[in-house]
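Visitor: The structure under discussion is supplied below as C-alpha cells; questions concerning it will follow.
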C-alpha cells in the first residue's frame with residue numbers, strides 16, 4: 001500500500017520499515033494479512049463512527065459491490081497459531097481469504113435486512129463525495145476515511161492475486177476452513193442478534 005492516501009499512508013510506511021529491518025536481519029517471519037475484523041466492520045454494516053447497525057438509513061460506498069474480506073477475530077487467532085511453526089508459511093505472507101468471508105457491502109446489508117426483517121434506505125456515496133468528507137476531520141478521522149476508500153471503493157483486499165511470496169490460509173488448512181465455513185454465518189448472526197436486542201432495548 002505504498003500508494004495509499006495521506007495521512008493513512010504513514011501506517012503502511014512504518015510497517016514497511018519494520019519489515020525491511022526484519023528481512024535485512026535475516027529473521028524468520030510470517031506476516032498475517034487479517035483484513036477487516038468483524039467486530040469493527042460487520043455489526044455496524046461498515047458504517048463509520050459506530051459499532052451498531054443503522055436503524056433506518058445505511059450509507060453505501062460507491063455501488064457497494066467491491067468485495068471485502070470480513071474475519072472473525074477468533075478465526076484470525078486460530079489461523080495465526082496454525083501458521084507459527086508451519087514451514088509452508090516461513091518467510092511468507094499468510095492471507096486470510098476464506099471464500100465464505102468475502103462479501104460486498106451490499107451483500108452484508110442484505111444479510112442484516114433478512115435477519116432484522118426490515119429494509120434499510122440505501123444512500124450511495126460517490127468516491128468524490130466520500131473523499132471530500134475528509135476535510136475538517138481530525139487525524140484519526142482522515143486516516144479512517146482513507147482506509148475505507150481503499151477497501152470499499154478500490155477493493156484493495158481482493159483485487160490482486162496472491163503471488164509466490166504468499167499463501168491463502170483456508171487452502172493451507174482446509175480442515176479448519178470447512179469448520180469455519182459452517183460457523184461463520186452463526187457468528188455473524190449471533191453478533192447481529194445481540195445488536196438487534198440492544199436496539200430494541202434502546203427503543204423501549
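The values are calculated or read from the model by the stated rules, or taken from the named source; none is laboratory data. Remember, it's a predicted structure, so these values are computed and weren't measured experimentally. Neighbour counts are summed over all protein chains in view; Cβ atoms, including those assigned to glycine, are modelled from backbone coordinates with ideal geometry.
Visitor: Could you list, ordered by first residue, the pairs with Cβ atoms under 6 Å in which the first is in region 156-168 and at negative phi and the second is assigned to a loop (DSSP other than H, G, I, E, B) and modelled with pLDDT of 95 or more, at least 6 apart or interchain?
Guide: 157/35; 168/97; 168/162
Visitor: Take the residues of region 62-93 that are under 14 Å from the mean Cα position of the chain (by Cα) and in a strand (DSSP E or B): which is surrounded by the fewest Cβ atoms within 10 Å (Cβ to Cβ)?
Guide: Among residues in region 62-93 that are under 14 Å from the mean Cα position of the chain (by Cα) and in a strand (DSSP E or B), the one surrounded by the fewest Cβ atoms within 10 Å (Cβ to Cβ) is 67.
Visitor: Checking residue 53 against (1) part of a loop (DSSP other than H, G, I, E, B); (2) surrounded by 12 or more Cβ atoms within 10 Å (Cβ to Cβ); (3) modelled with pLDDT of 95 or more: exactly one of these is not met. Which one?
Guide: Here residue 53 meets the rest and fails (3).
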